[in-house]
Every structure is written in C-alpha cells, then in structure tokens.
1. Is it the case, given these coordinates, that Leu197 is of a type in the set (A, V, I, L, M, F, W, C), exposed (fewer than 12 other Cβ atoms within 10 Å of the Cβ), in a helix (DSSP H, G or I) and out of contact with any Pro (no Cβ under 6 Å at 6 or more places or on another chain)?
2. Pick out the one residue from Phe160, Phe223, Phe256 that is crowded, with 21+ Cβ neighbours inside 10 Å, aromatic (Phe, Trp, Tyr) and more than 16 Å from the chain's Cα centre (by Cα).
3. Could you check segment 55-77 and list, in sequence order, the residues that are crowded, with 19+ Cβ neighbours inside 10 Å and either touching a strand residue (DSSP E or B) at 6+ places or on another chain (Cβ under 6 Å) or in a helix (DSSP H, G or I) (or both)?
4. Inspect all residues belonging to segment 141-157 and state whether any of them is among the hydroxyl-bearing types (Ser, Thr, Tyr), at pLDDT 95 or above, within 17 Å of Gly96 (Cα to Cα) and touching a Gly at 6+ places or on another chain (Cβ under 6 Å).
5. Between a residue in segment 151-172 that is farther than 22 Å from Val88 by Cβ and any residue that is among the hydrophobic types (A, V, I, L, M, F, W, C) and in a loop (DSSP other than H, G, I, E, B), which pairs come within a Cβ distance under 6 Å, given they are 6 or more apart or on different chains?
6. Got a sec? Which of Asp130, Asp93 is under 15 Å from Asp64 (Cβ atoms), of a type in the set (Asp, Glu) and crowded, with 16+ Cβ neighbours inside 10 Å?
Amino acid sequence: MPVLQPAVLTSGAVRWASSAISAIVAAVTLVALAAAQLPEPKYRVFRPDSRGPLPAIVFVSGCDGFAPTLAPAVYERRAEHFRAQGYVVVFADYLGRRALKSCAGPITHEEAARDVVAAAAWLGTQSDVDRARITAMGWSYGGRAVLVALARSGATPPTFSRAVVYYPDCRALEPWKTPTPVLMLLGGDDDMTPARLCQDAVTRVATPAAVKIVVYPGARHAFDVPDLPATMKLGFATLGYHAEATAAARKEVELFLRPGR
C-alpha cells in the first residue's frame, strides 16, 4: 500500500500564499468600503402635471449613461414622451452615483440591478405614484441590469410590477423565478447583443409565457436612437437607427403598459 506523504510548503511558497491571501482580503475590503461610501441616490424625476396616483417608470441607461456622446439628449426625449402620457419617470443613474462615465469602470450588473430595485422602491414611497404600476425599463447594459434584478428577487415579486428591456446582453443570464411580465425588444441584425441569446435565455425562466419577445428584422443595436445613422461601426459591433422598428417598438410598449394587461 502506498504511503501518503504530507505536503511540504517551502518558505517561498508560504510567502506567496500569504501575499495572495492578503491581496484578496484587501480587494474585498476595498469593494466593501466603496459600497459603504456610496452616496444616497439623488433621482432626476420627470413628473406630469396631472394628479396621482400615476404610473411610473424607472429608466436604466446603457453603458454610456444618461448623456451618451452619440446622443446626449436621447433619454430626456424618451422621458418627456412618457411624462406627456401621464407617467412619472425617474433615472436610476448607476454610473453617476459612482462618479463613472461608462460601464467600463468599476461597476457590475449586480450593482446596477440593486440601484434599479432601490429606485423602484423609492417610487413606491411617493404619494403621487401608483405602486401597482411601476415599470423598470432598461437599454442594453441597463436592460441586463433589469433582468438581473428579476433574477436576484428569487420567487418574491420585485419592487417593480413589469419590465421592458431593449436589446439587453443575455449572455449566461441567470434565469428568474418570478412571473413578472417582461417585454423584450430586440434587433434581428444586432451583432453586439444577439437576439438569439435572449430567446434562449427565456426558455430557462420559470414562466416563459410571462415574457413577450419581439425581434425586428434588419434592426441593429441601438435601433431606437434617431441621432445615429442607419449603420455605423463601434468597435467590434454595428449600431444603427431603424425608424420602422422604433415606431413599432413604441407601440408595443404602449400596449404592454396599458392598464389591465
């Protein structure tokens, strides 16, 4: 019978292991301190003139925040559109709260998802908001953050009653258990966040029937941004405005948010 030999660590190995553990502890500590030192969120709110209780929407931006270089006023225009329809709109600025310019900084979808949940919870405390009609609406990076918020809620209903996501990143997306209604608006020619990944992800959620997927043939990533040309390269991917898809998606959203649906 072979004799098991005890492992022997050299002094160099011990020093390396000790240094590695110290580095991990330091990194975890920095993350915890950063989370603890985050300022309380200050929301930009668009309120209609009509009296409540009103439906409300949490906007969650894409990777470049609420004033992207290519379309600095796009989210304001979207917010004004919904405000004119009687919605309260709030910006969940997961980047600004952390003094970041883009999602390339130290931010995760999980952290952004927590900000989405917090913004929806804050809306629920407002006297002019109908708590049963709070929607989380995200684009691209923000769209995934909304879906991550659903997954993190477990079987418990989240702080929002439904979700709308435009061309989210669905790679390795954790399935969610809550039957919250979700509307996915995807570009058929999106080579940044391919539609098929979201279609596959939805087959694994607990209630696939609660998710409506609409894929627009010929539409690319950011198809609803009129500031963009029909086709433009951005790094490894292609962006482009698609007027027909934009109009069709807007109608889908209006129907999806209609009371009683």
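The values are calculated or read from the model by the stated rules, or taken from the named source; none is laboratory data. A quick note: this is a predicted structure, and the numbers were derived from the prediction, not measured. For neighbour counting, all protein chains shown are included, and Cβ atoms are generated from backbone atoms with ideal geometry for every residue, glycine included.
1. Answer is no for this residue.
2. Result of the check over Phe160, Phe223, Phe256: Phe223.
3. Across segment 55-77, the qualifying residues are Pro55, Ala56, Ile57, Val58, Phe59, Val60, Gly62, Phe66, Val74, Tyr75.
4. Yes, that holds for at least one residue.
5. Ala151/Trp176
6. Only one candidate qualifies: Asp93.
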